[in-house]
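Here's a structure for you.
Any read-out appearing in this document is the output of simple, stated calculations on the displayed coordinates, not a laboratory observation. Keep in mind it's a predicted model, so treat the numbers as computed, not measured. Positions of Cβ are generated from backbone atoms using ideal geometry, with glycine treated the same way; all protein chains shown enter the neighbour counts.
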């Protein structure tokens, strides 16, 4: 996993009307097989798929996972705390 801030990037997929939020985002790069969030983690981030796709699973047991959904480009996911 790599972390970097992207500002005024020429290859960003954000539209002109949304460029302002780009300065508040922390862009993360994940590779195939990386775990983005795990069941039970604190809810403190919202993630948006910029490129590629991400599969979501729920742990059902020690070694069993249930496939829930594939998130595609432009879709958001994550856990946010209730204040």
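Within segment 24-50, track down each residue that is in contact (Cβ under 8 Å) with a residue 24 or more places away in the chain and surrounded by fewer than 10 Cβ atoms within 10 Å (Cβ to Cβ).
Start the filter on segment 24-50 by keeping residues that are in contact (Cβ under 8 Å) with a residue 24 or more places away in the chain, which leaves 27-31, 34, 37, 41-50.
Correct list: 31, 42.
Any residue at all in segment 58-70 that is without any contact (Cβ under 8 Å) to a residue 40 or more places away in the chain, closer than 20 Å to residue 22 by Cβ and surrounded by fewer than 13 Cβ atoms within 10 Å (Cβ to Cβ)? Walk me through it before giving the result.
First, the residues of segment 58-70 that are without any contact (Cβ under 8 Å) to a residue 40 or more places away in the chain: 58-70.
Now narrow it down to the ones that are closer than 20 Å to residue 22 by Cβ: none.
Scanning segment 58-70, I find no residue that is without any contact (Cβ under 8 Å) to a residue 40 or more places away in the chain, closer than 20 Å to residue 22 by Cβ and surrounded by fewer than 13 Cβ atoms within 10 Å (Cβ to Cβ), so the answer is no.
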